[in-house]
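Every number in this text was worked out from the coordinates using simple rules, so none of it is lab data. On a predicted model such as this, the values are computed, not experimentally measured, just so you know. Counting neighbours? That spans all protein chains shown, and the Cβs are built from the backbone with ideal geometry, glycine included.
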Amino acid sequence: MILSYKTYLLHNAIHLCTYGGLIMKTVFKTIFWIIKGFAFGFVALYAFNFIGSYIDISIASNPLSYFLIGTLGLPGLLLTYIANILLGI
């Protein structure tokens, strides 16, 4: 059976849409996860520094701190605070 080039192109376009959609879904899910981590880290670090201002402790505010705290949660906050103490920042 011989297929015309139009059938072949349509077949490839369907595959491209299907697999391209799956790849883009994974990419957008990963990007959303990273943005969510940054947002959570920012809020947690802001709250920690706000509460810590009363007892004179703080953590430097930068994107790496946001990402660590956002992805690791409470262990990330403790890790960042301990690194802050050890490095004397």
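If each of Leu64 and Leu86 carries a label point 7 Å out from its Cα toward its Cβ, how far apart are those two points in nm?
Rounded to a tenth, the inter-label distance reads 1.3 nm.
Could you tell me the ratio Rg/Rh of the chain? Both radii from Cα atoms, Rh via Kirkwood. It would help to have the intermediate numbers written out before the result.
Values: Rg = 23.3 Å, Rh = 16.1 Å.
Taking Rh as the inverse mean 1/r over Cα pairs, Rg/Rh reads 1.45.
What FRET efficiency would be calculated for the residue pair Ile31, Tyr54, taking the C-beta separation as r and a Förster radius of 30 Å, to the nearest 0.05?
Working: r = 37 Å, r/R0 = 1.22.
Computed FRET efficiency for Ile31 and Tyr54: 0.25.
Along Cα→Cβ, 7 Å out, is where each label goes; now give me the distance between the ones at Val43 and Leu74 in nm to one decimal.
Those two pseudo-labels are separated by 1.7 nm.
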